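The values are calculated or read from the model by the stated rules, or taken from the named source; none is laboratory data. Keep in mind that what you see is a predicted model, and the values were worked out from it rather than measured. Glycine also receives a Cβ, built like all others from the backbone with ideal geometry; neighbour counts cover every protein chain displayed. Note: areas computed on protein heavy atoms with side chains; ligands, DNA, RNA excluded. Shrake-Rupley method; radii C 1.70, N 1.55, O 1.52, S 1.80 Å.
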Amino acid sequence: MANFNTREKLHLPTAQSRRDFLYRAGGGLGGIALSWLLARDGMAGEHETGKPSANPLASKPPHFEAKAKSIIFMFMVGGPSPVDLFDPKPELTKQHGKPLPESFGKPVSQFTKGDTPLLASTRTFKKHGKSGLEMSDLLPNLATCVDDIAFLRSCWCNSTVHAPAMYELHSGRTLMGYPSLGSWVTYGLGSVSDNMPAYCVLLQPEGTPEGGAPCWGAGFLPTVYQGTLLRKGPNPILNLKLPEGVSREQQRRTLDFLKKMNEENLDPDDTELAARISTYELAFRMQQYAPEAVDLAKETETTRRAYGIDDKKTADFGSRCLLARRLVERGVRFVQLYSGGGPVSMQWDAHDDINGNHEKMCGLVDQPIAALLKDLKQRGLLDDTLVVWASEFGRTPMSQGGKGRDHNPYGYTMWMAGGGVKGGQAIGETDEFGLNAVEDKVSVNDFHATLLHLLGLKHDKLTFRHNARDERLTDVAGRVVEKVLN
């Protein structure tokens, strides 16, 4: 038997755990098989001390049985106006041109101070579906889907400024540096697919929202949980093609060598390096599988037409909606889809002309969103895919500049469908003018708690130790909106 000095001279590695000792002591083919099975289940790096898995994206069980397996999270950049879309206010029409009653005080927005005249909506509202829910003429296609939708008409947030409000809606805080909703979901549940990213982000081609990359960033979570950007065009994911002159077999050998070197005496606590190794492997598999996943040409002409891909006006957002469906179909856990970004002309930020802005923006998304909901339902995917329509805030019932509306964080509408949601209902109310949430108020923390619940996650149990504090998406608040649940 070699003594201690002999071991040093021979550079024999020290066993890191009992499992490692048994493996080195003669695990043989059985040990190889066990290692493969454990790695496949995301347990290969889990030691008796409870250290995290070597594969940070391995699929993990939810806290309880989930209704939804994946989320398509659609974000309308700039703040749509609920009183012109989903929340009709007859009293606002009656009081058009008059000042806001003194009992409301002076609600301050970013550019107005609550002293401008009330502005009635010029839109026509009609009841739709078996539920009889009202929607405006700006969304005629989406109106055919109301029986699958739960409208949250009493949402509120904490900022009148775009970027902080976006950070709050995406991460639960008005400041940068906190993990996004999609990052928390992938951290809590891991990835369903071995061949695609767990968290994909589809931006408006004209540019990013004011909040920028922190809206899909991992914050203090390991970087492996941040969103993967997919770009416009035939190659949405960069660098998938093999370098010229390099075969797939050569690249496989190179990655195997890198993995072997990286794992030599790998510290079980080094989750960053484990994440990097996992990312290399995912990227290699994506070279083979991702091109097919993002190839919309494989869809039928009928499907492409339904999403509006043959129409210049709806082609872009329709393509991204269809891509979102293809991604969740292939096991992507969280797809974040933006309408609006870059110049103000490509956002829902209707300060100057509410009708002109919303006619344009609704025209871009109405048909594609309705097609997405119907397509998911027809394929049986809506049952376990949660579709969310959200924004950073709404817009004031008072005017700005005569025809526009300022930002309104005090009461606005967001909605969700599928994935365990009870559709055909409107939850909560705003006041007679659509300014303040007054019944069944839904904070951003409540909104997030409800989304996590539908995914089988307890929002107060999904935590990450950071700076000696157990951080969570909903901070120290949040309640599940029970009326949403089917």
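Results, tabulated for the structure shown:
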| quantity | calculated |
| --- | --- |
| Those residues of region 132-157 whose amide nitrogen sits under 15 Å from the label point placed on residue 403, 7 Å along Cα→Cβ | none |
| Selection of trypsin sites (Lys or Arg not before Pro), region 428-486, meeting DSSP coil and at most 13 other Cβ within 10 Å | 461 |
| Probe 1.4 Å, protein heavy atoms only - accessible area per residue of region 45-163 in square angstrom | 47 |
| Set of aspartates and glutamates near residue 312 by C-alpha distance (under 16 Å), chain-local residues within fewer than 8 positions excluded | 206, 301, 359, 366 |
| Mean shadow area of region 411-486 over all directions, Cα convex hull, nm² | 5.8 |
| Summed side-chain charge close to residue 219 - residues other than residue 219 whose Cβ falls under 14 Å, Lys, Arg +1, Asp, Glu -1 | +1 |
| Of all accessible heavy-atom area on region 128-208, the percent that carbon and sulfur account for (1.4 Å) | 51 |
| Peptides 334-341, 363-370, 219-226 ordered by average Cβ neighbours within 10 Å, highest first | 334-341, 363-370, 219-226 |
| Net length gained if the chain between residue 329 and residue 295 were fully extended (0.36 nm per residue, minus Cα distance) | 10.9 nm |
| Solvent-accessible heavy-atom area per residue, rounded to whole Å², over region 360-465 at 1.4 Å | 28 |
| Placed amide H near residue 308: partners under 5 Å, 5+ positions off or other chain | none |
| Carbon plus sulfur fraction of accessible area for region 354-486, probe 1.4 Å, in percent | 43 |
| Set of lysines with alpha-carbon distance to residue 441 below 20 Å, sequence-local pairs under 8 removed | 89, 422, 483 |
| Residues with amide H under 5 Å from that of residue 55, placed H, sequence gap 5 or more | 44, 45 |
| Whole-Hz couplings from phi, Karplus 6.51/-1.76/1.60, listed for region 365-373; x for Gly and Pro | 10, 4, 4, x, 5, 4, 4, 4, 4 |
| Partners for residue 69 among aspartates and glutamates (Cα-Cα distance below 14 Å; same-chain residues under 8 apart left out) | 329, 383, 384 |
| Hz values of 3J(HN,Hα) by residue in region 246-251 - Karplus curve (6.51, -1.76, 1.60), Gly and Pro given as x | 10, 7, 5, 5, 5, 5 |
| Cut-off 15 Å between beta-carbons: net charge of the residues surrounding residue 455, Lys and Arg +1, Asp and Glu -1 | +3 |
| Distance between modelled label sites at residue 475 and residue 260, nm, 7 Å Cα→Cβ extension | 5.1 |
